[in-house]
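*Asks:* Quick one: the structure is below, and I'll ask about it shortly.
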């Protein structure tokens with residue numbers, strides 16, 4: 001994914017290159033092409049740049065396999081546009097497009113050597129078509145070309161990542177629907193805090209993952225803008241149609257400024273940051289489920305567990321431990337990419353060749369982790385009896401009792417003190433009565449109905465009473481479920497629309513190509 005100056009002037013006939021060889025239409029001197037149709041060093045770099053120990057260090061050809069198909073599509077769209085604009089002849093366009101089809105069939109592994117996939121494909125086209133193959137690169141640079149290829153491929157990867165977030169949200173909604181009344185202990189600081197429900201817990205993560213989806217959808221919108229036509233950074237003198245190539249490639253618009261188009265990588269950083277945020281959500285989810293499995297609250301399916309090599313009784317949540325670890329990988333991707341981009345001057349710098357690696361590694365790792373988390377949640381078995389038995393652990397209904405006393409006229413801080421004393425002395429009605437005598441100098445019954453206190457001490461009743469918006473009471477959860485389902489459907493539609501738009505663009509481009517080949 002390297003740099004080359006654009007052909008930014010009119011097409012010229014053969015002239016003499018600085019090294020004494022002939023060149024045509026801005027392509028490498030024809031004397032550099034071997035008689036057997038091959039090329040020693042490709043068609044872009046001159047002889048003085050063709051050797052030395054740094055060549056392999058400069059090359060990104062192997063890593064560029066990921067954008068091989070994207071590059072072919074960008075080449076096709078650019079070639080079609082050049083023909084439509086009368087910049088190259090239709091028959092030349094047809095031969096170039098035919099050569100690109102043959103290269104696609106042969107695959108990335110058959111490409112000749114080159115600094116990157118763009119040079120290698122151009123070399124292969126010229127080897128197949130002759131010097132006219134070099135006209136494919138008219139009015140563009142590898143700078144705007146690689147930026148287009150990265151965006152083309154990344155948007156597909158981001159849509160796949162979005163799909164996994166939707167699958168995870170669907171799993172969480174299903175769990176919530178099945179467990180609206182399944183009481184469980186809730187924690188703060190990993191200490192028993194208040195009783196809640198499995199549904200309330202699941203929807204807490206659904207809300208977080210929903211925001212992750214939104215961030216990725218917003219990042220997709222900014223990825224899906226075409227830089228093609230920006231050339232090296234200063235545009236071109238050719239009468240190109242940037243809107244046409246954007247349309248053929250399924251981009252929603254343009255990165256307008258040509259320098260910005262060729263050199264900016266903020267879309268990569270935004271995407272990796274959004275993925276890192278999602279990985280952080282996944283890590284928290286994984287940690288919760290790992291702890292719940294340890295306490296017997298939930299049992300993971302065998303497909304998402306493993307056993308010890310020596311201890312046959314073990315069932316370990318290994319997949320979720322790896323999901324938890326991916327947050328570190330993603331955070332590293334953000335740091336690496338940010339550091340690479342920090343302080344780079346406009347326009348193109350070779351540092352950008354290293355920038356993209358962070359995005360590919362991050363999107364792959366987080367997408368896989370999200371998919372695994374969705375499957376683990378969907379197939380887990382919640383142990384309702386164990387959860388119910390532990391829901392009142394650590395006097396978790398204490399806040400409910402304090403609220404009840406406050407609702408009956410006691411200052412909340414006085415109620416808080418009374419219940420805290422009771423918590424140290426049995427955490428039951430008798431302990432509350434003794435604390436009332438100590439704090440109030442009166443019987444508890446003088447302030448509140450004993451039956452109401454007994455209800456407040458019951459985890460299920462306590463949960464049912466917490467019916468404020470967003471709370472764990474079944475009625476409050478029902479509202480949250482409705483909102484979650486509606487948002488899931490809307491984001492699913494957005495994903496489908498984006499996917500369909502890309503498929504329509506592919507079909508349109510293929511139809512245009514078929515008109516030439």
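We did not get these values from a lab; they are worked out from the coordinates using the rules stated. Fair warning: this is a prediction, and the values are worked out from it, not measured in the lab. Cβ coordinates were reconstructed from backbone atoms using ideal geometry, including for glycine residues, and neighbour counts include every protein chain displayed.
*Asks:* Distance from the Cα centre of region 291-323 to that of region 150-210, in angstrom?
*Replies:* What the calculation gives is 20 Å, centre to centre.
*Asks:* Now a separate question. Listed highest first by mean packing, meaning other Cβ atoms within 10 Å per residue, what order do 388-397, 186-195 come in?
*Replies:* 388-397, 186-195
*Asks:* What is the list of residues in region 377-413 whose amide nitrogen lies under 20 Å from a point 7 angstrom out from the Cα of residue 425, following Cα to Cβ?
*Replies:* 394-406, 410-413
*Asks:* Among 127-134, 420-427, how do they line up from the highest to the lowest mean number of other beta-carbon atoms within 10 Å?
*Replies:* Result, highest mean first: 127-134, 420-427.
*Asks:* Which label belongs to the value computed from this structure, given these candidates for Cα Rg over 2.2 N^0.38 Å: (1) 1.33; (2) 1.03; (3) 0.92?
*Replies:* After the calculation, the listed value that fits is (1).
*Asks:* Say each of residue 368 and residue 451 gets a label point 7 Å from the Cα, pointing the same way as Cα to Cβ; how far apart are those two points in nm?
*Replies:* 6.0 nm
*Asks:* Let me ask something else about it. Run lengths n ≥ 4 of DSSP H only: what is the helix-derived mean residue ellipticity at 222 nm for the chain, with -39500 (n - 2.57) per run over all residues, to the nearest 500?
*Replies:* -19500 deg cm²/dmol
*Asks:* If one takes the longest principal axis of the Cα atoms in the chain, at what angle in degrees, from 0 to 90 and to the nearest 10, does the Cα axis of helix 398-407 lie?
*Replies:* 70 degrees
*Asks:* Rank the residues 463, 298 as a footprinting-exposure proxy: fewest other Cβ atoms within 10 Å of their Cβ go first.
*Replies:* So the residues, fewest neighbours to most, are 298, 463.
*Asks:* Ranked from highest to lowest mean number of other Cβ atoms within 10 Å per residue, what is the order of the peptides 431-442, 160-171, 135-146, 341-352?
*Replies:* 135-146, 160-171, 431-442, 341-352
*Asks:* Shifting gears a bit: Can you give me the angle between helix 474-514 and the longest principal axis of the chain, using Cα atoms only, in degrees from 0 to 90, rounded to the nearest 10?
*Replies:* In the chain, helix 474-514 runs at an angle near 10 degrees to the longest axis.
*Asks:* Gap in Å between the Cα centre of region 424-484 and the Cα centre of region 326-386?
*Replies:* 43 Å
*Asks:* Would you mind getting me the FRET efficiency between residue 489 and residue 511? Use the beta-carbon distance for r and R0 = 35 Å, nearest 0.05.
*Replies:* Efficiency for this residue pair is about 0.60.
*Asks:* To make sure I understand, if each residue's beta carbon is the centre and we count other beta carbons within 10 Å, what order do 360, 201 fall in, fewest to most?
*Replies:* By the 10 Å Cβ count, ascending: 360, 201.
*Asks:* What's the angle, to the nearest 10 degrees (0 to 90), between helix 142-178's Cα axis and the longest principal axis of the chain?
*Replies:* Roughly 20 degrees between the two axes.
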